[in-house]
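Novice: Shown below is the structure under consideration.
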Amino acid sequence: MTSYKTPDIKINYEEREVPPYDLPDPLVDEKGNAVNQTSWPHRRREILQLFETHVYGRMPKIPYEENITVNAEIVEEGPCSDWATRQQVVITFANETYRQKAHLLISLPITNQHSAPVFAGLNFFGNQTVLADDKIHITEQWVRNSHSLGITNHRANNQTRGTYAHRWQIEHVIKRGYGLATIYCGDFDPDYDDGYKNGIHPLFYQENQVSPKPNEIGAIGAWAWGLSRIFDYLANHSKVDASRIGLIGHSRLGKTALWAGATDERFSFVISNNSGCGGAALSRRCFGENTEFINTHFPHWFCENFREYNNREEMLPVDQHMLIALLAPRPVYIASAEEDLWADPVGEFLSCVNADPVYQLLCNQGLSNLDMPSIESPLHGRISYHIRSGKHDLSRYDWD
């Protein structure tokens, strides 16, 4: 369980202290009309706009509509073992006054004669952390200091190689026939409150603008935008099956995966692991990390408008079950951990339950059971869910 000193913000870990709440109905539009299959596209646009306005911020248009040039250069490639190939690509986004680079690492099955389905996701601390491979470039971007990883002065080093390989399970993934594509999240926006001076934000500023407007994206929106740019590149890759590119994300990047999947329907599936508040967990439950805490400690993650709901979650016109509903009818997998009360496992599951009616409407299948499962007893369906033993992490069990 994550622990923070929060002397002025109440954190609830007791089910009996969850306040009574009513959830907005994703199948009733803003005029009070019941939604059917024909009217769902209109209702979907309503919900998406509500999330853009009140939670994540309005997503920038795709690059060529914003006078942004995009250039991709393969800077290194070759076998990284007898079972996988490695390709490293530098993608540069630029306008007349600003330039930002993102470093894409692609791992694909070496024996696959056909195009492979691919998991796309962002990583913490740099591409060099996902696999102990000396050929993978070490990020030169700002990273969080970490005593356990030997990071000081916000710069990664050789000691960080492979430190998060357990979260990515690349050999296991590759040998099952999948590919993996990842970029360090800091290539799109650094994970600290810098006033949005770095990352991709300046690419979208209008004349004399120095920070996002209250309804424009924070870091999560920037990271989600970056995931769509990964798709842009993979869609034209001869060894990738563009019809089977899905998203995976853990923790704050699990929030990001859900939002990226909601805003970009090209992704064929979404996996969100331990995403909690602002991710899969219902905000109105006020269990574990809550809106006031997340906006106070991480003010750069969401749009400025989201702060208006600190300690007044009941006033939000949306809740996170509606975010999952935006993914329908594509498969979505929500994963929790028993000891990760900070992320509210019950709230994550209840979002699945309350998104189920939308899935039932669109494809006649959602959750296989509306009762929360026991530990390590996955529910598999169009909406899938499991809660495993252990703490906040992405594990081999989760991948399996």
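The values are calculated or read from the model by the stated rules, or taken from the named source; none is laboratory data. Computed from a prediction, not measured in an experiment: that's the story for all the values here. All Cβ positions, even for glycine, are placed from backbone atoms using ideal geometry, and neighbour counts span all protein chains on display. The area values use the complete protein model at the heavy-atom level, side chains included, leaving out ligands, DNA and RNA. Shrake-Rupley method; radii C 1.70, N 1.55, O 1.52, S 1.80 Å.
Novice: Could you grab me the full set of residues in the range 305-336 that are over 19 Å from the mean Cα position of the chain (by Cα) and at negative phi?
Specialist: Within the range 305-336, Asn305, Arg307, Glu308, Tyr309, Asn310, Arg312, Glu313, Glu314, Met315, Leu316, Pro317 qualify.
Novice: Can you name the condition, by its number, that Ile47 falls short on among (1) modelled with pLDDT of 95 or more; (2) more than 24 Å from the chain's Cα centre (by Cα); (3) among the β-branched types (Val, Ile, Thr)?
Specialist: Ile47 satisfies every listed condition except (2).
Novice: Of all residues in the range 82-127, which are in contact with a Cys (Cβ under 8 Å, 6 or more places away or on another chain) and not in a strand (DSSP E or B)?
Specialist: Phe124
Novice: What pairs come up if the first residue lies in the range 296-313 and is in contact (Cβ under 8 Å) with a residue 24 or more places away in the chain and of a type in the set (Ser, Thr, Tyr), the second is surrounded by fewer than 19 Cβ atoms within 10 Å (Cβ to Cβ) and not in a helix (DSSP H, G or I), and their beta carbons are under 7 Å apart, counting only those six or more places apart or on different chains?
Specialist: Short answer, once both residue conditions are applied: Thr296/Ile9.
Novice: List every residue pair whose Cβ atoms lie under 7 Å apart, where the two residues are 6 or more positions apart in sequence or sit on different chains, the first residue falls within the range 219-247 and is open to solvent by 10 Å² or more (accessible area, probe 1.4 Å), and the second residue, located anywhere, is basic (Lys, Arg) and not in a strand (DSSP E or B).
Specialist: Once the first residue is open to solvent by 10 Å² or more (accessible area, probe 1.4 Å) and sits in the range 219-247, its partners that are basic (Lys, Arg) and not in a strand (DSSP E or B) give Phe231/Arg266.
Novice: In addition: Could you please tell me which pairs satisfy a Cβ distance under 9 Å, a separation of 6+ or placement on different chains, a first residue in the range 172-192 that is at positive phi and free of Cβ contacts under 8 Å to residues at least 12 places away in the same chain, and a second residue that is open to solvent by 10 Å² or more (accessible area, probe 1.4 Å) and not small (Gly, Ala, Ser)?
Specialist: Listed pairs, sorted by first residue: none to list.
Novice: Could you list, ordered by first residue, the pairs with Cβ atoms under 7 Å in which the first is in the range 254-265 and among the basic types (Lys, Arg) and the second is part of a helix (DSSP H, G or I) and open to solvent by less than 10 Å² (accessible area, probe 1.4 Å), at least 6 apart or interchain?
Specialist: Listed pairs, sorted by first residue: Lys255/Ile220.
Novice: Please pick out the residue among Lys101, Lys135 that is surrounded by fewer than 19 Cβ atoms within 10 Å (Cβ to Cβ), under 21 Å from Gln159 (Cβ atoms) and of a type in the set (Lys, Arg).
Specialist: Within the list Lys101, Lys135, the selection yields Lys135.
Novice: Which residues, counting only those in the range 47-81, are in a helix (DSSP H, G or I) and either closer than 21 Å to Lys101 by Cβ or of a type outside the set (A, V, I, L, M, F, W, C) (or both)?
Specialist: Kept after step one, since they are in a helix (DSSP H, G or I), are these residues of the range 47-81: 47-56, 63-66.
Passing the criteria: Gln49, Glu52, Thr53, His54, Tyr56, Pro63, Tyr64, Glu65, Glu66.
Novice: Residues of the range 307-360 being among the acidic types (Asp, Glu), assigned to a helix (DSSP H, G or I) and open to solvent by 20 Å² or more (accessible area, probe 1.4 Å), which ones?
Specialist: Passing the criteria: Glu308, Glu314.
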